[in-house]
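The values are calculated or read from the model by the stated rules, or taken from the named source; none is laboratory data. Please read all numbers here as calculations on a predicted model, not as lab measurements. Ideal geometry is used to build each Cβ from the backbone, glycine not excepted, and the neighbour counts take in all protein chains shown.
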Amino acid sequence: MSAEVAETIARVRAWRDDRRRAGQRVGFVPTMGALHEGHARLIERAGQHGDHVVVSIFVNPLQFDRKDDLERYPRTLDADLRICNNLGVELVFAPASGEMYPVEPLCTVTVKRITDRLCGQFRPGHFDGVATVVTKLFDIVQPDLAYFGEKDAQQLAVVRRMVADLNLPVEIVGVPTVREDDGLARSSRNARLSTEERSKAIALYQALREAERAIAGGERDARAVERRAEAVIPPDAALRLEYLEVVDPLELQRVDTIDGTVLVAGALWVGRTRLIDNLSIRLKPDSAYETISG
Ligand code: AMP
């Protein structure tokens, strides 16, 4: 059966009302399209929970801090719909911008502190845009569960906190990062990389793995771990490391000493494309360590 494509909020609400009357649960996967294996994993997870699955495809202008990034963002709706059909998605919500923002919104959602570091320092307004659109999408779809990738760890932390602080009636499920064979995190933005850039892009994952090795080797000074990881990025005119930081996993504040679980996260510019990635590393009481996600 092929997925129904809804372009209006009214249609999604009517579909949702039918599901509620039938006592059925709804799982929701919000995306910006250009679907790949990472999105597919989220959709599969939603399906495994036995729910009706809704996918939204909306390139949200509110979360883009750079106009050229919004304009260059890949849009592949036909291919996306084929993927959704193959994965048994029931409803695809693909609204035009004017459906979501008929007028400039004067009410937006801000999650404080968690957005201070990592991408938040470099992408002004980005997480307000994310929190606002996710709130709107939750209100439109009214899912029982919603699935987010750990690849966007700061986004996941923002959404979890927003749901907790605002008592939103939805359960958030985090899904581990899906990677290429060499470790590169799958991302819609990878499609923009030239062959040469693609081979250089792996440097970010290698830097994160170096941080993991440093911690496994007993390094507990977070700044020293960051320095060792940064040193892995080769001097190359096409590569610019925006940040690489060791932070706590809940509020994403910088830690000085590694103890318990830490998130090591980075952003690397490869030519004109900005890529992000992270590893979550847990130090057990006996000083052994394990990578929980990545
Ligand atoms: P996006 O379309 O990039 O906004 O992503 C939509 C959802 O897919 C977000 O929850 C992302 O975290 C998730 N996602 C994107 N790439 C991956 C990946 N490689 N592995 C797991 N989840 C991902």
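Quick notes
- Checking each residue in region 179-188 for being within 8 Å of the ligand (Cβ to nearest atom) and either within 25 Å of Thr108 (Cβ to Cβ) or of a type outside the set (A, V, I, L, M) (or both) picks out Arg179, Arg186, Ser187, Ser188.
- Count of region 31-53 residues which are touching an Asp or Glu at 6+ places or on another chain (Cβ under 7 Å), of a type in the set (A, V, I, L, M, F, W, C) and either farther than 24 Å from Pro176 by Cβ or more than 11 Å from the ligand (Cβ to nearest atom) (or both): 1
- Identity of the residue in region 240-255, part of a loop (DSSP other than H, G, I, E, B) and free of Cβ contacts under 8 Å to residues at least 60 places away in the same chain, that ends up surrounded by the most Cβ atoms within 10 Å (Cβ to Cβ): Val255
- Looking only at region 276-294, residues that are modelled with pLDDT of 95 or more and either in contact with a helix residue (DSSP H, G or I) (Cβ under 6 Å, 6 or more places away or on another chain) or loosely packed, with under 14 Cβ neighbours inside 10 Å (or both) come to 4 in all.
- Selection of region 147-178 for residues being more than 11 Å from Ser293 (Cβ to Cβ), charged (D, E, K, R) and near the ligand (Cβ under 9 Å from one of its atoms) yields only Asp152.
- The conditions of being at pLDDT 95 or above, more than 13 Å from the ligand (Cβ to nearest atom), crowded, with 19+ Cβ neighbours inside 10 Å and over 29 Å from Leu62 (Cα atoms) are not met by Ala237.
- In the set (1) farther than 22 Å from Arg20 by Cβ; (2) within 13 Å of the ligand (Cβ to nearest atom), the condition left unmet by Val134 is number (1).
- Total residues in region 206-237, condition touching a residue at least 40 places away in the same chain (Cβ under 8 Å) and closer than 21 Å to Glu180 by Cα: 5
- Test: residue in region 54-76 that is of a type in the set (Ser, Thr, Tyr), within 11 Å of the ligand (Cβ to nearest atom), in contact (Cβ under 8 Å) with a residue 40 or more places away in the chain and not in a loop (DSSP other than H, G, I, E, B): yes
- Hey, Arg19 part of a helix (DSSP H, G or I), within 15 Å of Leu137 (Cβ to Cβ) and more than 13 Å from the ligand (Cβ to nearest atom) or not: no
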